[in-house]
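**Student:** Quick one: the structure is below, questions incoming.
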Ligand code: FES
């Protein structure tokens, strides 16, 4: 059985920054969208979590076939999300700090792709919910290792089981990752597609389908 270090391609004495860097690379390659598989994706994620948890890393437990997410004892309800596309703010002269931003957007008769509502079902991440309801939101690794899927939380809260990339000051300003972010409030208001925020530029991975489809934006 491979050790978590071997799974991430690391030496046994690798420090935490090296573990985080290796995870960012491996989880991207391991995702089914990028030539990997669901089992490999889970294996890489489990290895990373074991290394960060500090538990014994002698060998890999029988983790490859483990379910990605165990059901929780208290099943959450569906959560209503109101979303707004960050890309339309400039067009309308709106600002992120506008206290009435969502009310203003609601009155502006925007396209459904740019503003509206959907429900997040139990055990869906915010990104999965958007995709399952027919929306194309940006992403790259889907494993908490880039900022392509980042959203700005205007109301409510999104908890991220996997985040190796967002610095504390961004999280303090409500930036979250939608690919693994699970709503933990009754409602959410989010700005999605915030990839153009200058602070996120260096945390992004190469463009994935959303960016490619909107290359002319
Ligand atoms: S898509 Fe990379 S962290 Fe969400």
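Please treat every number below as a calculation from the coordinates, not as lab data. All values derive from a computational prediction rather than experimental measurement. Because the Cβ atoms are built from the backbone with ideal geometry, glycine has one as well, and the counts that use them run over all protein chains shown.
**Student:** What translational diffusion coefficient, to the nearest whole µm²/s, does region 79-213 have by Stokes-Einstein, given a Kirkwood radius computed over alpha-carbon pairs, a temperature of 10 °C and 1.306 mPa s viscosity?
**Tutor:** Once the numbers are plugged in, D ends up at 108 µm²/s.
**Student:** Any chance you could run the full-extension gain for residue 119 through residue 157? It's 0.36 nm times the residue separation minus the Cα-Cα distance, nm to one decimal.
**Tutor:** Difference between extended and current length: 12.2 nm.
**Student:** Please give the FRET efficiency for residue 80 paired with residue 110, using the beta carbon to beta carbon distance and R0 = 22 Å, rounded to the nearest 0.05.
**Tutor:** With R0 = 22 Å, the Cβ-Cβ based efficiency is 0.80.
**Student:** For residue 98 and residue 37, what does the FRET efficiency come to when R0 = 35 Å and r is the distance between their Cβ atoms, rounded to the nearest 0.05?
**Tutor:** Calculated transfer efficiency: 0.20.
**Student:** Kirkwood hydrodynamic radius, computed over distinct alpha-carbon pairs, for region 4-53: how many Å, to one decimal?
**Tutor:** Kirkwood radius, region 4-53: 10.6 Å.
**Student:** Right, here's the next one. If we sort 95-101, 3-9, 45-51 on the protection proxy, mean other Cβ atoms within 10 Å, highest first, what's the order?
**Tutor:** 45-51, 3-9, 95-101
**Student:** What does the highest-first list of 124-131, 108-115, 138-145 look like by mean Cβ count within 10 Å?
**Tutor:** Answer by packing, highest mean first, reads 138-145, 124-131, 108-115.
**Student:** So for the pair residue 2, residue 14, with labels modelled 7 Å out along Cα→Cβ, what separation do we get in nm?
**Tutor:** 1.1 nm
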